[in-house]
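Student: What follows is a single structure, and I will ask about it in a moment.
The values are calculated or read from the model by the stated rules, or taken from the named source; none is laboratory data. Since the structure is predicted, the reported quantities are computational estimates derived from the model, not experimental observations. Neighbour counts run over all protein chains shown; Cβ positions are idealised from the backbone, glycine included. Please note that ligands, DNA and RNA were not included when accessible areas were found on the heavy atoms of the full protein model with its side chains. Shrake-Rupley method; radii C 1.70, N 1.55, O 1.52, S 1.80 Å.
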Amino acid sequence: MLDTPCLVIDLPAVDENIARFQKLADAAGLKTRPHIKTHKLPFFAKRQIAAGAIGITCQKIGEAEVMVEGGLRDVLLTYNVIGDAKLDRLAALARKCTLAVTCDNLTVATGLSKRFAKEDTPLTVFVECDTGGGRCGVQSPADASDLASKINELPGLRFGGLMTYPPMDHADKVDEWLSDAKKRIEDAGLACPVVSTGGTPNLDTLNAFRHATEHRAGTYIYNDRSLIARGACGVEDCAAAVKSTVVSRPTKTRVIIDAGSKALSSDLLGLEGFGMVREAPDASIAGLSEEHGTIELGDSDWDPAVGDVISIIPNHVCVVSNLFPTVWVKDENGEITEMTVAARGMLR
């Protein structure tokens, strides 16, 4: 019996999720480049590659270092890299794998150039585009074309294409934005070989990205309650569950478990409650302290006893993966193996 709280991963469900993404992308004529931020394990990244992915996506250099050390060889780093210490690490990483990065401003591009002008091989750089997601990214197709030309002129760099983390709807408008940017770049005399889109919630609309060449998705491998709420998956597609023990039953309608914010995270993502109890979806994980979770039963007829072990689908599984030093992977025979979450805590 596993000691709780712990994170348990159902391997058959993982493999089904990997296969589904690959099948949808193949049907849309897109290559897959999964984001490892959800699982943080070379073990799963290799399964994604074996299923057909061309490479992986990482957000931080530390994640990429772990993945390359674990045997992965094609990495896209989707983050503005700033500072001498990070640039030195990036250069060392580029000598070990096929590496590309993104940027959305000339300051970052100039920093990359100063470091990679010293290297034998130029660094491939994608222009990050804000197509409505409201995070990083150049603000217009004209800006994308302008930055692409400047990147291409900088020593040590070569322009590689466009990247966006789009809003999870209006894929047709996103595609129009990217198509405009690509045409402007090509009209300026540059090739734009890669157009990289992303996101798990829009996997069922991949056909709308007609001008994209690859798609990045991360959460799909485990899925979570936020994706259930979006209609992107069902409960049966959720491969990760936090196992927790009932430690107190103070009243008939209140249950206390040993999973608090340090196990479930405090992310709500617009939802009510801090996760879904598989045994009682109508119960509410109404509050968290660091080490306690409070479940309000309301009208639920669920009647747990102290000592019962329950399963919780997290609201946001990517954050939860970073909270546990190890996960327990359950295979098709029910055998469970403990694995270290190798890229956990790689924030730099």
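Student: Within the chain, what percent of beta bridges assigned by DSSP are antiparallel, to the nearest 5?
Tutor: Numbers: 26 of 57 bridges.
Counting DSSP beta bridges with both partners in the chain, the antiparallel share is about 45 percent.
Student: Test of understanding: express the Cα radius of gyration of segment 68-170 as a ratio to 2.2 N^0.38 Å, with N the residue count.
Tutor: Values: Rg = 13.6 Å, N = 103, 2.2 N^0.38 = 12.8 Å.
Rounded to two decimals, the normalised Rg is 1.06.
Student: With +1 on the Cβ of every Lys and Arg and -1 on the Cβ of every Asp and Glu, and nothing else charged, how large is the dipole of segment 126-171 about its Cα centre, in debye rounded to the nearest 20? Don't skip to the answer; put the middle values down first.
Tutor: Details: 3 positive and 6 negative charges, 30 e Å.
Once rounded to the nearest 20, the dipole reads 140 debye.
Student: Please list, or write none, the lysines whose alpha carbon is within less than 19 Å of the alpha carbon of Lys173, excluding same-chain residues fewer than 8 places away.
Tutor: Lys182, Lys183
Student: Roughly how many whole Å is it from the C-alpha centroid of segment 255-330 to that of segment 187-228?
Tutor: The distance from the Cα centre of segment 255-330 to that of segment 187-228 comes to 30 Å.
Student: For segment 239-317, place one equal point scatterer on every Cα, skip the solvent, and apply the Debye formula. What is log10 of I(q)/I(0) at q = 0.19, 0.26 Å⁻¹?
Tutor: Here the Debye-derived log intensity ratios amount to -0.69, -1.37.
Student: Among Thr205, Pro193, Ser179, whose Cα projects farthest towards the positive end of the dipole of segment 161-216, with charges put on the beta-carbon of Lys, Arg (+1) and Asp, Glu (-1)?
Tutor: Pro193
Student: Continuing with the same structure: Rounded to the nearest 20 Debye, what is the dipole magnitude of the chain about its Cα centre when Lys and Arg each give +1 and Asp and Glu each give -1 at the C-beta? Intermediate values should be presented prior to the final figure.
Tutor: Numbers: 37 positive and 47 negative charges, 253 e Å.
In debye, rounded to 20, the chain gives about 1220.
Student: Can you compute log10 of I(q)/I(0) for the chain with the Debye formula, treating each Cα as one identical point scatterer, at q = 0.14 Å⁻¹?
Tutor: Cα-only, vacuum Debye calculation for the chain: -1.10.
Student: Extending each Cα 7 Å along its Cβ direction at Glu332 and Met1, get the distance between those two points in nm, one decimal.
Tutor: Inter-label distance under the simple model: 3.0 nm.
Student: How large is the direction-averaged shadow of the alpha-carbon convex hull of segment 78-123, in nm²?
Tutor: Working: hull surface 11.6 nm².
One quarter of the hull surface, i.e. the mean projection, equals 2.9 nm².
Student: Using a 7 Å offset from Cα along Cα-Cβ at Asp26, what residues in segment 190-205 end up with backbone N under 19 Å from the label point?
Tutor: The answer is 203-205.
Student: A follow-up question, please. So what are the radius of gyration and Dmax for the Cα set of segment 195-348, in Å?
Tutor: Cα radius of gyration and Dmax of segment 195-348 are 17.1, 58 Å respectively.
Student: What is the angle, in °, between the Cα long axis of helix 106-116 and the longest principal axis of the Cα atoms in the chain? Nearest 10 is fine, range 0 to 90.
Tutor: 80 degrees
Student: For Lys262, Lys114, write out the residues from largest to smallest accessible area, computed with a 1.4 angstrom probe and no ligands counted.
Tutor: Values: Lys262 100, Lys114 145 Å².
The ordering from most to least exposed comes out as Lys114, Lys262.
Student: Here is a follow-up. Lysines within cross-link reach of Lys37: Cα-Cα under 24 Å, excluding same-chain residues under 8 positions apart?
Tutor: Leaving aside lysines fewer than 8 places away in the same chain, those within reach of Lys37 are Lys23, Lys46, Lys60, Lys86, Lys96, Lys243, Lys262, Lys330.
Student: How far apart, in nanometres, would the label points at Arg95 and Ala142 be if each is projected 7 angstrom from Cα along the Cα-to-Cβ direction?
Tutor: It is 4.4 nm.
Student: Order these peptides, 264-270, 51-57, 61-67, by their mean beta-carbon neighbour count within 10 angstrom, highest first.
Tutor: Numbers: 264-270: 16.4, 51-57: 21.4, 61-67: 23.4.
Most protected by this proxy first, the peptides run 61-67, 51-57, 264-270.
Student: Suppose every K and R has +1 on its Cβ and every D and E has -1 on its Cβ; what is the size of the dipole of segment 199-348 about the Cα centre, in Debye to the nearest 20?
Tutor: On the way: 13 positive and 21 negative charges, 116 e Å.
Once rounded to the nearest 20, the dipole reads 560 debye.
Student: Calculate the tail of P(r) for segment 230-277: the fraction of all Cα-Cα distances greater than 12 Å, expressed in %. If you can, show how the numbers build up before the last one.
Tutor: Numbers: 810 of 1128 pairs.
Looking at segment 230-277, the distances longer than 12 Å represent 72 percent of pairs.
Student: Additional query: Which distance in Å, rounded to a whole number, links the C-alpha centroids of segment 100-131 and segment 33-66?
Tutor: The two parts, judged by their Cα centres, are 21 Å apart.
Student: For a distance above 19 Å, tell me the whole-number percent of Cα pairs in segment 174-256 that qualify.
Tutor: Working: 2015 of 3403 pairs.
More than 19 Å apart: 59 percent of the Cα pairs in segment 174-256.
Student: As I understand it, the dipole of the chain uses +1 on the Cβ of Lys and Arg and -1 on the Cβ of Asp and Glu, about the Cα centre. Which of Phe43, Ala232, Val247 lies farthest toward its positive end?
Tutor: Phe43
Student: Taking 0.36 nm per residue of separation and subtracting the Cα-Cα distance, what length does fully extending Glu236 through Ala51 add?
Tutor: Values: separation 185, 0.36 × 185 = 66.60 nm, distance 2.10 nm.
Once the chain is fully extended between Glu236 and Ala51, it gains 64.5 nm.
Student: Next up: Considering only protein heavy atoms and a 1.4 Å probe, what is the carbon-and-sulfur percentage of the accessible area of segment 124-280?
Tutor: 47 percent
Student: With angles folded into 0 to 90 degrees, how steeply does helix 171-187 sit against the dominant principal axis of the chain? Use alpha carbons for both and round to 10.
Tutor: It is inclined by approximately 20 degrees.
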